[in-house]
Structures are given as C-alpha cells and as structure tokens.
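Engineer: Dumping the structure here so I can ask a few things about it.
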Amino acid sequence: MKVKKEKREDEEEVEMAATATERTYEELLENLNPIAQPLAGRKLTKRLYKCIKKASKQKSIRRGVKEVQKFINKGEKGIVVLAGDTLPIEVYCHVPVMCEERSIPYAYVPSKSDLGAAAGSKRPTCVILIKSNEEYEDAFKDCAEEVQALPSPL
C-alpha cells in the first residue's frame, strides 16, 4: 500500500512540474535560432507531436542527430522534425541540407523539450525522424502534406 501511495504522489509532482513549466507557443518562439525555417505553426506543431507520440508507441521513430543522420544516409524516408531552440546550431545545421538532397519533408518546432516529451523521453531531443506505419497512416499523411506545403527557406 505504501508503495502505491508514493508512486501516486510522485506522478502528481511530475504532472504539477510539467504544467508549471509549460509555456505558450509565443513564449517558445522567443528562443528560436536563426536557421529555424520552415517553422511549423501552432496547429501543425500539435499534429506533429501527436504523430510522434503514435509513432513512438509503434517504435517507428529515429531520435537524435547521429541516428537520424545515419538512417537518412541509408535511404530511410519519413518526416524530419527539428527543434528550433537548439544551440549551438552547428550541432544539426547539416540535417536540413541532407533532407533537401533526398527530398525528405522537414519542419522546425519551437521546443526541444516538448519534442523529447512527445517521443516519450524525459530528455530534450533536437531531431526526430517519423517513419510511416499502418497504425497512424492518416495522421502521418496529413502531417507530411502540411510540412511539404510550408514555404521553403531561401
């Protein structure tokens, strides 16, 4: 009985901490780096996070610069989602170029901590590759179409 009570209290503390540190979309935009183009709008950002959550349940995501880079080079397709508040930008500034060369759709979202949380991780993540899967095919296609419709950075 004690163990269950302690777990509940810990879960409540985590939820309270999450809501206390939750920031609005506009507040997150203040921390963007200069290369964060094309930036997903508020609605597309939420859709991408939902798609990432579904993909992480199916284990259909690649997370982190090294892993995403490796699988893009191997020819894996999907949607690349980058965090716009990652510094220094040299860490991942080559990834959009790789995506353009292989015609993989990509978009920036404002927060790396939210991106990591969407993938089911406590750690912030700066790059995620979402792979297609039958379980969430509709959400994936909608996100892919919207990301491709974003204006290309010039």
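Engineer: Output the direction-averaged projected area (hull surface divided by four) of the convex hull of the alpha-carbon atoms of the chain, in nm².
Structural biologist: Details: hull surface 41.2 nm².
Computed as one quarter of the Cα hull surface, the answer is 10.3 nm².
Engineer: By the scheme Lys and Arg +1, Asp and Glu -1, what is the net charge of all other residues having a beta-carbon under 9 Å from that of residue 55? Could the numbers behind the result be given before it?
Structural biologist: Working: positive: 53, 54, 57, 59, 131; negative: 135.
It works out to a net charge of +4.
Engineer: Counting Lys and Arg as +1 and Asp and Glu as -1, each charge on the Cβ, what is the dipole of the chain about the Cα centre in debye, to the nearest 20?
Structural biologist: Details: 27 positive and 25 negative charges, 132 e Å.
Roughly 640 debye for the chain.
Engineer: On the protein heavy atoms, probe 1.4 angstrom, tell me the percent of accessible surface of the chain carried by carbon and sulfur. Could you put the intermediate results ahead of the total?
Structural biologist: Numbers: 5000 of 9800 Å².
On the chain, the fraction of accessible area on carbon and sulfur atoms equals 51 percent.
Engineer: Separate question: Which order do peptides 46-55, 115-124 fall in by mean Cβ count within 10 Å, highest first?
Structural biologist: Values: 46-55: 20.2, 115-124: 17.3.
With the highest mean Cβ count within 10 Å placed first, the list reads 46-55, 115-124.
Engineer: Still on this structure: Relative to the first principal axis of the alpha-carbon coordinates of the chain, what is the inclination of helix 137-149, with its axis defined by its Cα atoms, in degrees from 0 to 90 and to the nearest 10?
Structural biologist: With rounding to tens, the tilt is 50 degrees.
Engineer: On average, how much accessible surface per residue is there in the stretch 91-134, in Å², for a 1.4 Å probe, leaving out ligands, DNA and RNA? Before the final figure, lay out each step's value.
Structural biologist: Working: 1910 Å² over 44 residues.
Heavy-atom accessible area per residue stands at 43 Å².
Engineer: Going by average Cβ density within 10 Å per residue, which order do the peptides 68-75, 105-112, 38-45 take, highest to lowest?
Structural biologist: 105-112, 38-45, 68-75
Engineer: While we're looking at this one, here's another question. Calculate how steeply helix 42-57 sits against the longest principal axis of the alpha-carbon atoms of the chain, using the helix alpha-carbon long axis, and give the answer as 0 to 90 degrees to the nearest 10.
Structural biologist: 70
Engineer: Per 0.36 nm of contour for each residue apart, how much would the distance between residue 141 and residue 24 grow if the chain were fully extended, relative to their Cα-Cα spacing? Write out the running numbers ahead of the final one.
Structural biologist: Details: separation 117, 0.36 × 117 = 42.12 nm, distance 2.66 nm.
My answer for the length gained is 39.5 nm.
The values are calculated or read from the model by the stated rules, or taken from the named source; none is laboratory data. Just so it is clear, the model here is predicted, and its values are computed rather than measured. Neighbour counts are summed over all protein chains in view; Cβ atoms, including those assigned to glycine, are modelled from backbone coordinates with ideal geometry. Note: accessible area is taken over every heavy atom of the protein model, side chains too, but ligands, DNA and RNA are not part of it. Shrake-Rupley method; radii C 1.70, N 1.55, O 1.52, S 1.80 Å.
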